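Following: one structure in structure tokens, then a few remarks.
The values are calculated or read from the model by the stated rules, or taken from the named source; none is laboratory data. Owing to the predicted nature of the structure, the values given are computational and were not obtained by experimental measurement. Cβ: placed from backbone, ideal geometry, glycine included. Neighbour counts: every protein chain shown.
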Amino acid sequence: MASLKSIKKRIVSVKNTRQITKAMKMVSAAKLRRAQENVVAARPYAQKMGEVLQSLAGNLQGEQHPLLEKREAKKLLLLVVTSDRGLCGGFNSNLCKAGERYIKENAAEFEQISLMTIGRKGYEFLKNRHTIHKNISNIISKPNYQAAAMVAQDVIEGYLSEEYDQVVMLYNSFRTVMTQDITFQQLLPIVPEAKGAVDEVGIEYIYEPSVEDLLTQILPKNIEVQIFKAMLESVAGEHGARMTAMDSASKNASEMIGKLTLQYNRARQAAITTELMEIISGAESIKG
Amino acid sequence: MRPNQGGRGLPLQGTTTMAEKMKLEIVTPYSKVLDEMVDEVTATGKLGEFGVLPGHAPFLTSLNIGELCYKKDGVAVCMALNWGYFEVQDDKIIVLVETAERADDIDLERAKAALGRAEDALKKLDPEDKKFKIYEAALQRALVRMQTASKAARK
């Protein structure tokens, strides 16, 4: 049996760990609330943007806009959104594995699959297996619109110069605190939803300057918004995942402390018993 | 300024004695800035300034960097906007913008500093340069901010 001292030492160290995981859980909970608020705040903008886009695309006649045009997809860009920091359970690794699987499954269809990563964790996971076209770190922890716009511009430029023909974004979307959904979303070319739905509304808008002009402006903005939204969702998911991970870590630590305390008490009792026995037998021998 | 396009079956049926109002919503990626019933809105579009009154026809336009003013119960409020969309439908106005600042929230000193920076940069740059456009927009933003803020200060 382990000595009393060594058990005591372990209890202290597990207690310290529990304190840290508990604190991290609290921090994540606070950050999660803010991140969730951000997601909710961004929703009306993204939604309205989508509606305007749909109604515009539905009214578009004649020439196709290059961002809407479907080219023969030979080269694919996968944009992987992960977090910069770890200790959040399977949040990043699950996403990276899903990306890996996706690349394997689609390798036959495309001549080339390039990767772009947002967030350090995804980059570190994937860089050993594939060449990373571009990595953008240090923006995900504090998502702001300007950063998302810059990424979007990069993506759009590459698309227009035919560096790639299709862009798919991979991110963790926030469902509940406990669960994040791994989401693949096609960014480019933009697929307008069923046109019929738009026609039913049947509102004749006055467009100014013209449908085409508005569309040229709104399409890149839409990409920006989509990326921004993905970043916000990913951050909310990250904090949620970290909170759950830290919660279970704290629980495990408490369980461990319980077990160790039991062991400690037993060891102590055993020590006392042997000591007593020694004393009694000593006394007996003197008597005798 | 263009005349208000009379919309959809004017005069409005069942006109009440009370003045008609429109719902004005201003939304940015970070938050919903404004959600109020207003009497009148003017804004700067791609093709110049325009005004909207209740009963306007469905209308969609893009906005320049510029001012948006609305009147509510006779009180005019102005905001500095940075690129966006303006949609009117059924007396409901939705404005999608990247940033919207109320006159009181504008930091005049910062705007002035930004103006100086943009001017300096523009002097050095070639108009063909990619960055030229960025600084041009920055210059305009600073100007609009200052204009909006100084208007509020005069009142």
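The table below lists the values:
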item	result
Flag if residue A:108 is part of a helix (DSSP H, G or I) and at pLDDT 85 or above	no
Failed criterion for residue B:53 (all others in (1) away from chain A (no Cβ under 14 Å); (2) over 30 Å from residue A:54 (Cβ atoms) hold)	(2)
Where a residue in the range A:120-145 is over 26 Å from residue A:41 (Cα atoms) and its partner, wherever it lies, is of a type in the set (Ser, Thr, Tyr) and part of a strand (DSSP E or B), with Cβ under 7 Å and at least six apart	A:123/A:117; A:126/A:117; A:132/A:117; A:133/A:114; A:135/A:117
Residue match in the range B:97-116 (condition: surrounded by fewer than 14 Cβ atoms within 10 Å (Cβ to Cβ), closer than 30 Å to residue A:207 by Cβ and touching a residue at least 60 places away in the same chain (Cβ under 8 Å))	no
Only listed residue being over 18 Å from residue B:80 (Cα atoms) and in a strand (DSSP E or B), chosen from B:60, B:34	B:60
Selection within the range A:206-248 - assigned to a helix (DSSP H, G or I) and either touching a Pro at 6+ places or on another chain (Cβ under 8 Å) or among the hydroxyl-bearing types (Ser, Thr, Tyr) (or both)	A:216, A:225, A:228, A:231, A:232, A:234, A:235, A:244, A:248
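The rows are residues; the columns are (1) within 23 Å of residue A:146 (Cα to Cα); (2) in contact with a Phe, Trp or Tyr (Cβ under 8 Å, 6 or more places away or on another chain); (3) at pLDDT below 85; (4) within 14 Å of chain A (Cβ to nearest Cβ).
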residue	(1), (2), (3), (4)
B:68	yes, no, no, no
B:76	no, yes, no, no
B:82	yes, no, yes, yes
B:92	no, no, no, yes
B:97	yes, yes, no, yes
B:100	yes, no, no, yes
B:103	yes, no, yes, no
B:112	yes, no, no, no
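For (1) farther than 24 Å from residue A:153 by Cα; (2) among the aliphatic types (A, V, I, L, M), each residue gets a yes or a no:
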residue	(1), (2)
A:80	no, yes
A:84	no, no
A:90	yes, no
A:93	yes, no
A:100	yes, no
A:108	yes, yes
A:123	no, no
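Rundown of residues vs (1) modelled with pLDDT under 95; (2) buried (at least 18 other Cβ atoms within 10 Å of the Cβ); (3) among the charged types (D, E, K, R), yes/no style:
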| position | (1), (2), (3) |
| --- | --- |
| A:12 | no, no, no |
| A:15 | no, no, yes |
| A:18 | no, yes, yes |
| A:41 | yes, no, no |
| A:48 | yes, yes, yes |
| A:52 | yes, yes, no |
| A:60 | yes, no, no |
| A:64 | yes, no, no |
| A:68 | yes, no, no |
